[in-house]
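To keep things clear, I will list the structure first and then write my remarks on it.
The values are calculated or read from the model by the stated rules, or taken from the named source; none is laboratory data. Bear in mind the structure is a predicted one, so any value in this text is a computation, not a measurement. In this analysis, Cβ positions are derived from the backbone assuming ideal geometry, glycine residues included, and neighbour counts consider all displayed protein chains.
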Amino acid sequence: ATTGDGLVETMFDKAFKPWFLAIGTSATCIMFFVLRSFGAPIMFVYGFVRGIGRGCHVFVLEIIGALVARLYLNKKYGRERMLRVLPVIMAGYLVGEGLVGMACVAVTLISKAISGLPL
């Protein structure tokens, strides 16, 4: 249903570019290899990818969060424990963000479906 009957070029067919997928995969593998060879943290890749999709205004809040984590939470809970817990906290936050977004869309769709048309 989403790929068409083979005769019609669908939006998916127009958008899917195998070479683009190959470039992204190659770039990610190269970044992992370079970071590992220099001993840099691998989480940099995740931060970089996440930063590409965000606006510049989020940067300030992320810096504040990083400073709170480094200066307060590392001292309170210890560096080892924080490095184990932070990916779980981040995943939970992003899942919650997605759920709030879906709930907003659902409320909007329901409100538009039950409201009467203007006369």
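Quick notes on this one:
- Pair list, Cβ under 7 Å, 6 or more apart: segment 56-73 residue farther than 16 Å from MET90 by Cβ, other residue of a type in the set (Lys, Arg) and surrounded by 12 or more Cβ atoms within 10 Å (Cβ to Cβ): none
- In summary, GLY96 fulfils each of the numbered conditions (1) among the small types (Gly, Ala, Ser); (2) at pLDDT below 90; (3) assigned to a helix (DSSP H, G or I) with the single exception of condition (2).
- Wholly enclosed helices (runs of 4 or more DSSP H) of segment 1-80 bearing at least 3 residues surrounded by 10 or more Cβ atoms within 10 Å (Cβ to Cβ) and in contact with a strand residue (DSSP E or B) (Cβ under 8 Å, 6 or more places away or on another chain): none
- Residue check: GLY101 meets all listed conditions (1) modelled with pLDDT under 95; (2) under 22 Å from GLY47 (Cα atoms) but one, namely (1).
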